[in-house]
1. Return the residues of the stretch 257-306 that are over 17 Å from Tyr524 (Cα atoms), free of Cβ contacts under 8 Å to residues at least 60 places away in the same chain, crowded, with 22+ Cβ neighbours inside 10 Å and not β-branched (Val, Ile, Thr); say none if nothing qualifies.
2. Going by the conditions given, is Ile345 in a loop (DSSP other than H, G, I, E, B) and under 34 Å from the mean Cα position of the chain (by Cα)?
3. I want to confirm something. Restricting to the stretch 415-445 and keeping residues that are among the polar types (S, T, N, Q) and in a helix (DSSP H, G or I), which single residue is surrounded by the fewest Cβ atoms within 10 Å (Cβ to Cβ)?
4. Residues of the stretch 343-354 being closer than 17 Å to Ile507 by Cβ and in contact with a Leu (Cβ under 9 Å, 6 or more places away or on another chain), which ones?
5. Has the stretch 115-135 got any residue that is surrounded by fewer than 23 Cβ atoms within 10 Å (Cβ to Cβ), free of Cβ contacts under 8 Å to residues at least 60 places away in the same chain and over 22 Å from Glu509 (Cβ atoms)?
6. For the stretch 278-298, give me each residue that is farther than 15 Å from Gly246 by Cα and in a helix (DSSP H, G or I).
7. Scan the stretch 316-342 residue by residue and report those that are surrounded by 14 or more Cβ atoms within 10 Å (Cβ to Cβ) and not in a helix (DSSP H, G or I).
8. Looking at (1) touching a helix residue (DSSP H, G or I) at 6+ places or on another chain (Cβ under 8 Å); (2) assigned to a helix (DSSP H, G or I); (3) in contact (Cβ under 8 Å) with a residue 60 or more places away in the chain, which is the only condition Val508 fails?
Amino acid sequence: MNKTYSLNKKVFLFLTLFLAILFLLPSFASAIHHQPYHLKLLAVEESQNGFAGSPADLFLEVKPGSGRVFLETYPLTKVDTQASTRFAKDIACQHFKLNCGKYDFIYTIKAESNIVGGPSAGAAIAALTTVALLDLEYDQSITITGTINSGGIVGPVGGIPEKIDAAAKAGLKKVLVPKGAKSLGNETNETITINQTSSNQTISLEPEVVEVIDLDEVILHLTGKDLNHRPLPILENRQYAEIMTGLANVLCSRTEKIRKELADREIRLEDDLTQNLQQRQGLAANASRQGDYYSAASFCFGTNIQLKSYYYQQEEVSTAQLEILFAQLEKKVKELEEKVKLEKIDTISDLQTLMIVQERLSDVRQNSEEFQKEKELRPAAELAGLLAYSEERYFSALSWFQFFSMEGKKFVFNEELLKRSCQQKISEAEERIQYVGLYVSEAHTAGMQEKEEAARKSLKSQDYALCLMQASQAKADANAVLGILGLRDEIVDEFIESKRKAVERVIVENTAEGIFPIMGFSYYQYANSLKGGDKFTALVYLEDALEMSDLGIYFPEEQKFLEKVEKKVSVRKEWVYVGGGILMGAIAVLLVLLAVKWMGKKKVSPKGSTSGKRKKK
């Protein structure tokens, strides 16, 4: 019995050790997989003689988590480095569609001295994040200096000559710099030399300097892999084209209707106004010929506001009459809002249509409130413009309502998900605005902050689609400002073109997945119509297009959602069966052990002799 017990004890210990190794093996593998990834950084340090290049080190550890970002720096850097680190991580995750929500990111920056703070490590952080999450092999003798912007665009930084000098001293073979920065690296065309004593020879080290425009090119140089296929031509959705064509025709026909009203009232247009209207109508006609009906509709919308404002001013409409017209308009708005509530939101197109319609109706309500506040303070001629804008805004909402008929891939939209998407977008916008505020005055962020505040009010009033629209616009405005910081005039066109390609790629990807982004595509077309015109406005519309083209990331697909629910139910059933089997097995083993123990006590006496009474001699 003692031998059997000893054998069972050895077997038990062996099984325990085996199971411990089996359970700990994934942890060991995980620890090996999550060894810190490393890239050299190029910084600029302050010295008594001005600024000098200084090498630094960037490390990244990725561990299972919930998307949190941690940053350690030695020595401490400025607060903008912390903000740019989170921003860069988000850009990489979005650009390559990486599942970053299931990991925590621990970044460490080590420098030999106090380095000048700034976002110039953004491109390196985004690149290393991509390398780590995809576990790619990469060349650590290559480095990158540059900011990172929405769409994965690499932006300008300062101190290029000093940084190239630092790269040479660190023995790096290649330095990736933003587009247009190469000429700043070595303006005198002198060879950068580092004297190394080896058989009395001087070794000349000059790192190759290569310009890059986006994160795709950075990853290609670091890993030799092209992760993103080149963008295919955008295929305009047939339903979108039909509805937008109708919308443009309605708005442009309205222009002729208003002009006829002016003619019937014998109201003659002033020469300057006539010239301006002819220019707008020419742009609308040209856009229509090119099949760009959103831009045509936009130009006609602006024309209608001008004509209607002029009409009211020439008719000398009184404040009392304006009040009656505003009351009539409010009634129409309420009727359309009730109609919108009956629409079922199933697709991204439905959601975007809801966002657009609600935004326009919200503008009408705000203008009506402004009229009530200002009607005693401002002349009727000024307030007439407010009414004209409100009427055309309502008419635009009514026209966009037709997009509720578009088909597309179905998603799950419930109150909780819409609320969560609104909160997430507000958080993203707030972070960007605070980041911009580190570099520009409050006057430049005032408009963004107003939109963010409007989004918070919409969140509070449970207008979640409107909140999503307002917060997206605030974030896009901030991204546009970040994109042009330090941008030299000679590369503005190339920068905007790279942003345009980033938008095209996102639209193509979404279209391939059965999600045609009606807002993203519309803003993309309007930005194209501004070529040769207001470049910053074009950039803002491209940023809007990026924000509005990827809303699907906030909502689960209906089919996948249902499959996930069914899988959970199935897994629960399986675990019930498995759990029941384990429980029954445990009970069976326990009964066997008790039986064996009972039998052993019956057969063996306490002294080990055979049980039973002894025979008398």
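1. Result: Cys300, single match.
2. It is true that Ile345 is in a loop (DSSP other than H, G, I, E, B) and under 34 Å from the mean Cα position of the chain (by Cα).
3. The qualifying residue surrounded by the fewest Cβ atoms within 10 Å (Cβ to Cβ) is Ser427.
4. Ile348, Leu351, Gln352, listed by residue number.
5. yes
6. Gln278, Gln279, Arg280, Gln281, Gly282, Leu283, Asn286 - these are the residues of the stretch 278-298 that are farther than 15 Å from Gly246 by Cα and in a helix (DSSP H, G or I).
7. Val317
8. Single failed check for Val508: (1).
The values are calculated or read from the model by the stated rules, or taken from the named source; none is laboratory data. Treat the numbers as computed from the prediction; the structure is a model and nothing was measured. Methodologically, a virtual Cβ is constructed for each residue, glycine included, from the backbone with ideal geometry; neighbour enumeration extends over all protein chains shown.
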